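Heads up, the thing below is written out as structure tokens.
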Amino acid sequence: MGELPDHHLDRITIESDIMAGKPVIKGTRLTVQFILKLLADGTTLEEILEEYEGLTREDIIACLRYASEAIDHSTYMPLSIEA
């Protein structure tokens, strides 16, 4: 697929008065978290685009890029501690 230009992150916005300040796709109330959950649950890109009129492939890719960047700048903690 190649390198995604950073300008795709311009599609994601954070505003305290929209969805309690969660990152959303600009111009919508669709959170990055919601889109990622749809994908994780097996919803295809085509199904998401069909369900949410006006959403673009680039919007969904921007959600993935945003999540990737967020993880890249995070401190990691184990989900569970093995005995």
Review point. Using a simple spin-label model with points 7 Å from Cα along the Cα→Cβ vector, what separation in nm is obtained for residue 53 and residue 33?
Key: 2.8 nm
Point to revise | For the chain: relative contact order, % (alpha-carbon pairs under 8 angstrom, 6 or more apart) | key: 28 percent
Point to revise | Two-site FRET efficiency, residue 43 against residue 22, from Cβ-Cβ distance with R₀ of 22 Å, rounded to 0.05 | key: 0.70
Check your understanding: If you rank 53, 15, 46, 58 by fewest surrounding Cβ atoms within 10 Å, what's the result?
Key -> 53, 46, 15, 58
Point to revise | Candidates per trypsin sites (Lys or Arg not before Pro) in the range 24-82, loop by DSSP, up to 15 other Cβ within 10 Å | key: 26, 29
Point to revise | Phi-based couplings in Hz for the range 64-75 (Karplus 6.51, -1.76, 1.60; Gly and Pro marked x) | key: 5, 5, 4, 4, 4, 5, 5, 5, 4, 10, 10, 8
Exercise for review: Hey, for a label at residue 64 modelled as a point 7 Å past Cα toward Cβ, could you say which residues of the range 13-41 have their backbone N under 17 Å away?
Suggested key: 25, 32-41
Point to revise | Against the rule of thumb 2.2 N^0.38 Å, how large the Cα Rg of the range 6-72 comes out | key: 1.03
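Every number in this text was worked out from the coordinates using simple rules, so none of it is lab data. On a predicted model such as this, the values are computed, not experimentally measured, just so you know. Because the Cβ atoms are built from the backbone with ideal geometry, glycine has one as well, and the counts that use them run over all protein chains shown.
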